[in-house]
1. Restricting things to alpha carbons, tell me how big the stretch 303-346 is in terms of Rg and Dmax, in Å.
2. Pairs of alpha-carbon atoms within less than 8 angstrom and 6+ residues apart define the contacts here; what relative contact order does the stretch 348-528 have, in percent?
3. If you average the C-alpha positions of the stretch 1-61 and of the stretch 236-254 separately, how far apart do those two centres end up, in angstrom?
4. Calculate how many DSSP beta bridges within the chain are antiparallel, expressed in % of all such bridges and rounded to the nearest 5.
5. Can you give the helix-only mean residue ellipticity at 222 nm for the chain, where every DSSP H stretch with n ≥ 4 adds -39500 (n - 2.57) and the sum goes over all residues, rounded to the nearest 500 deg cm²/dmol?
6. When only C-alpha pairs under 8 Å and at least 6 residues apart count, what is the relative contact order of the stretch 186-343, in percent?
7. Once the convex hull of the alpha carbons of the stretch 100-249 is built, what does its volume come to per residue, in cubic angstrom?
8. Hey, what did the chain get for relative contact order, percent, Cα under 8 Å, at least 6 apart?
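Each reported figure results from applying straightforward, stated rules to the coordinates on display, with no laboratory input. It should be emphasised that the depicted structure is a prediction, and the values quoted were computed from it without experimental measurement. As a convention, Cβ positions derive from the backbone with ideal geometry for all residues, glycine included, and neighbour counts pool all protein chains shown.
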Ligand SMILES: Cc1ncc(C[n+]2csc(CCOP(=O)(O)OP(=O)(O)O)c2C)c(N)n1
Ligand SMILES: [Mg+2]
């Protein structure tokens with residue numbers, strides 16, 4: 001086949017790497033690549049903004065557990081995508097972003113020429129340029145391998161001349177090597193087991209690493225034997241749905257159960273948790289506890305605070321080894337089960353009422369109850385973040401996708417689109433602030449174009465709420481943080497979606513129906529929320 005081009009080769013490589021979908025936005029730099037999709041089995045999903053295209057790939061990657069792939073054009077295409085890269089980088093999400101670069105010959109004279117790799121170096125784990133047809137196979141292979149190995153975003157530049165040139169002769173073979181699970185050092189496991197055995201109130205803290213490696217079952221077994229509660233970070237919410245020893249999130253978005261039990265801990269086993277400020281309440285939690293930290297990433301160990309025992313190793317290996325070694329304490333386990341049961345459910349709180357607005361907490365409790373357990377929930381940045389964190393329960397098979405480590409506004413809608421592309425049969429509920437949604441609003445059209453019946457819930461407080469709360473707290477007044485929100489229901493209808501306005505919990509019936517019956521039309525829920533209700537955990541910020 002002599003008429004195959006570099007672009008055809010690249011698209012076949014993306015498929016060979018296991019991706020079924022390519023996200024992107026077309027421009028001069030990647031027009032050839034995108035044109036060759038006509039001859040490929042890859043599904044192409046395009047966005048209206050490059051930040052969205054990258055974050056769609058992010059939501060896809062988090063949902064499939066494998067690399068998300070996206071293509072952007074040079075210059076402004078990639079500058080627009082940088083925020084999406086930064087979020088993926090902070091959250092260790094594997095992506096390959098293929099940038100269609102200017103032709104090598106025309107580089108110096110192109111208006112849109114930019115040092116792409118220099119610009120994205122701080123927000124990617126690796127960057128490479130397929131400078132010639134000969135290097136295209138190895139550069140592409142390496143790009144995917146690095147994305148997986150380092151679990152982060154990779155930028156792969158492919159100039160137009162390489163896209164248009166005849167394809168390399170060699171068949172594309174992904175790098176396939178198994179590194180195996182990293183086995184922990186036995187002495188350290190011993191030291192960790194001693195620390196847990198010596199403690200009066202040991203605690204297991206499960207983070208995103210525990211969730212990503214499927215260590216929930218092993219953690220439950222250790223908790224049962226040791227008689228220890230299991231708290232999670234925001235990233236591991238829903239790791240052990242309804243487990244009698246699980247206290248839910250500890251940290252900024254503390255559940256009442258965690259608030260009751262976590263401060264008592266005198267030894268903490270942190271599994272795949274970075275122990276960042278949000279998790280430790282800026283050093284307030286676990287200040288005097290002995291801390292054992294387990295992670296596969298050497299850099300995560302001791303990054304945010306000193307720990308007493310650091311174990312480099314696969315979470316499941318370490319947790320299983322500890323389970324064999326620690327002394328059982330059934331009495332403590334039984335006492336804890338009772339206490340976990342006794343703590344008030346946050347859903348039973350007294351909520352605020354207003355004549356034409358809902359309490360965002362009550363709204364979230366109602367939507368959580370209406371959502372099937374396997375629902376994928378996406379969360380945005382702002383005052384609104386705390387409501388799904390505390391009041392939306394993640395059920396069996398469910399997920400909550402958050403970009404809390406970078407906290408860029410405009411994450412939840414694109415992540416929802418990516419999650420729905422990855423798994424069309426699962427319901428997806430996207431929670432957004434009104435300000436955040438406005439930054440990516442054009443891509444509601446993308447949801448409509450692909451018949452993605454997601455539910456987009458807007459906490460509409462007509463302001464950059466978290467900043468407004470903070471301004472009042474710190475300066476006693478507000479500046480540049482309030483505005484008139486549009487009528488989102490009308491806007492949604494204009495973009496081809498369905499839209500409703502919610503001013504009372506009685507208005508939620510169409511949402512409940514949508515979630516129960518499913519639909520191919522996105523539903524936008526413009527919930528007018530009481531602006532005074534600050535998110536749980538505020539302050540501290
Ligand atoms: C891209 C970006 N710009 C600015 C910020 C700073 N910021 C964080 S939250 C926020 C307000 C978000 O407003 P909204 O989405 O309405 O959420 P609310 O706080 O009102 O719930 C701002 C401006 C940010 N995190 N990301
Ligand atoms: Mg707002």
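1. Rg then Dmax for the stretch 303-346, in Å: 15.5, 37.
2. Answer for the stretch 348-528 is 24 percent.
3. Comparing the Cα centres of the stretch 1-61 and the stretch 236-254, I get a distance of 38 Å.
4. Around 5 percent of the beta bridges assigned by DSSP in the chain are antiparallel ones.
5. It lands at -10500 deg cm²/dmol.
6. 31
7. Spelled out: Cα convex hull of the stretch 100-249, divided by residues, is 173 Å³.
8. Computed over the chain, the figure is 13 percent.
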